[in-house]
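Notes for the one structure printed next.
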Amino acid sequence: MRLLLTGGSVFRGGEFQPLEIAVSEGRIVSVSPRLPRDGAAVVELNHRFIVPGFVDVHVHLREPGFSYKETVASGTAAAAAGGYTGLCAMPNLNPVPDSLETLRAELEAIRRDAAVHVYPYGAITQGEQGQALADLEAMAPHVPGFSDDGRGVQSEERMRAAMELARKLDRPIVAHCEDERLLTPGWCVHDGAFAKRHGLPGNDPASEWKQVERDIKLVRDTGCRYHVCHVSTKESVALVRAAKAEGLPVTCETGPHYLCLCDEDLEDHGRFRMNPPIRSAADRDALIAGLLDGTVDCIATDHAPHSAEEKAKGLRGSLNGVVGLECAFPVLYTELVKTGKVPLATILNALCVNPRRIFGLPGGAIEEGQPADLTVLDLDHEGIVDPAGFRSLGRATPFAGRRVNATVCMTLVDGNIVFPEGLEPSPHGTIGIVRGYDRPKGGRA
């Protein structure tokens with residue numbers, strides 16, 4: 001059945017244009033100011049905005065091994081509600097996907113339950129233990145890259161070997177950068193004003209940027225494509241900027257919480273505990289500058305759900321990790337675009353275009369023949385971030401209670417409406433997406 005999206009503005013060529021989109025058999029078949037209605041199910045968007053589906057290159061779906069925190073079904077339902085049509089899933093699972101055999105359990109869960117596209121990373125080292133290399137060659141055809149996220153690879157020799165092999169396999173190394181020798185035992189926040197005022201052990205920014213510095217030297221030697229996870233420090237931004245100026249194949253991401261918050265915003269609650277921690281206002285401002293000048297390529301949520309009990313022990317006792325898929329865009333739009341700090345096109349490039357370019361993923365342009373992975377936005381919607389309504393099993397977000405001025409109205413994956421759940425078009429019918437749409441509760445299994 002042909003689906004026709006009408007009454008919206010389409011993001012093309014870095015700007016919005018009043019166009020209609022026809023979708024059939026999972027593809028965009030036509031984009032034009034006026035398209036025929038015959039035989040189509042018409043979706044009236046009432047002046048909403050259509051963009052390529054968001055891609056999050058840093059998500060923890062927790063399955064297999066930790067399904068009490070999240071499942072592929074709940075995590076991808078959350079993604080759909082947040083406007084994401086693609087996710088790159090981190091490998092800190094049980095079993096760790098460090099061989100084709102151990103990757104199969106994750107691939108089966110994705111095939112069975114995913115509401116959006118999921119691209120699982122393979123581990124860099126066996127069991128993410130930082131010692132022997134994982135079976136990168138066997139996994140390469142099935143993964144977008146290799147990561148030991150949650151742990152930095154401590155051995156320079158091991159990282160060099162991984163980079164040399166990854167380059168031969170044409171896959172990037174996706175690095176959690178953390179030099180464990182520079183970590184303060186028991187750290188729980190950034191080593192800054194908040195830590196000093198409250199007598200809390202702080203995380204030294206050098207624990208991140210020193211390993212970024214080491215790895216960029218290895219990129220220079222090996223030619224490996226290299227992507228830095230969740231950049232949080234001004235020094236890391238400067239290092240990546242210099243590497244790009246040198247022409248090295250280096251890219252990076254940061255998260256909404258690093259762009260919109262600083263350590264002065266912290267509260268003694270587990271929803272503010274993550275790794276790396278939210279850092280100083282100077283670090284936040286450097287990240288925004290890096291986003292504006294192209295140093296920071298992607299915005300990734302590092303969606304990392306835990307149980308309520310695991311996040312209920314304050315800053316000192318809670319596990320690292322917050323959720324973000326369902327509130328990322330509304331927060332980014334409200335805190336950065338509405339305030340004039342960052343153009344909307346820059347945010348969309350970091351969510352829609354650059355992730356696909358870096359990791360070789362399909363889509364990213366609203367053109368004939370492209371996958372019909374699309375997100376519809378309302379940029380004039382007042383609301384509040386309410387974790388109680390999340391589809392994710394995780395509820396811990398530092399943005400709980402924040403007022404926002406945008407929302408996701410609809411998400412299509414391969415031309416199918418995956419959000420709102422249960423919205424099924426019928427031939428010759430018209431579906432009106434109206435302001436104040438009441439999202440259905442519950443996840444998509």
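The values are calculated or read from the model by the stated rules, or taken from the named source; none is laboratory data. Everything numeric here is computed off the predicted structure, so don't read it as measured data. Virtual Cβ from ideal backbone geometry, glycine too; neighbours counted across all protein chains shown. To get the accessible areas, we keep the full protein, side chains included, count just its heavy atoms, and leave off ligands, DNA and RNA. Shrake-Rupley method; radii C 1.70, N 1.55, O 1.52, S 1.80 Å.
Points worth noting:
- Filtered residue count, the range 145-203, keeping only those that are among the aromatic types (F, W, Y) and out of contact with any Asp or Glu (no Cβ under 6 Å at 6 or more places or on another chain): 2
- Residue list for the range 6-24, filter: at pLDDT 95 or above and out of contact with any Lys or Arg (no Cβ under 9 Å at 6 or more places or on another chain): V10, F11, F16, Q17, P18, I21
- Cβ-Cβ contacts under 8 Å between residues 6 or more apart (or on different chains), taken from a first residue in the range 401-416 that is free of Cβ contacts under 8 Å to residues at least 24 places away in the same chain and under 15 Å from G324 (Cα atoms) to a second residue that is open to solvent by 10 Å² or more (accessible area, probe 1.4 Å) and part of a strand (DSSP E or B), are listed as G401/I384.
- Residue check, A286 farther than 21 Å from H190 by Cα and free of Cβ contacts under 8 Å to residues at least 60 places away in the same chain: no
- Residue match in the range 109-120 (condition: open to solvent by 30 Å² or more (accessible area, probe 1.4 Å) and within 30 Å of L182 (Cβ to Cβ)): no
Residues are listed down the side, and each one gets a yes or a no for (1) over 25 Å from V96 (Cβ atoms); (2) not in a helix (DSSP H, G or I):
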| position | (1), (2) |
| --- | --- |
| M139 | no, no |
| A161 | no, no |
| R167 | no, no |
| R171 | no, yes |
| F194 | yes, no |
| L200 | yes, yes |
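Rundown of residues vs (1) in contact with a Pro (Cβ under 6 Å, 6 or more places away or on another chain); (2) of a type in the set (A, V, I, L, M); (3) part of a loop (DSSP other than H, G, I, E, B); (4) open to solvent by less than 10 Å² (accessible area, probe 1.4 Å), yes/no style:
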position	(1), (2), (3), (4)
I28	no, yes, no, yes
V31	no, yes, no, no
L35	no, yes, yes, no
V42	no, yes, no, no
I50	no, yes, no, yes
V55	yes, yes, no, yes
H58	no, no, no, yes
S67	no, no, yes, no
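- Selection within the range 36-68: residues that are in contact with a strand residue (DSSP E or B) (Cβ under 6 Å, 6 or more places away or on another chain) and acidic (D, E). The member of this set that is modelled with the highest pLDDT is D56.
- Qualifying residue in the range 69-87 (condition: β-branched (V, I, T), under 21 Å from H230 (Cα atoms), at pLDDT 95 or above and crowded, with 24+ Cβ neighbours inside 10 Å): yes
- Filter result (in contact with a Leu (Cβ under 9 Å, 6 or more places away or on another chain) and of a type in the set (D, E, K, R)) within the range 1-33: R12, E20
- Leading residue by the ranking (nearest to D302 (Cα to Cα)) among those in the range 227-249 that are open to solvent by less than 10 Å² (accessible area, probe 1.4 Å), hydrophobic (A, V, I, L, M, F, W, C) and more than 18 Å from the chain's Cα centre (by Cα): V237
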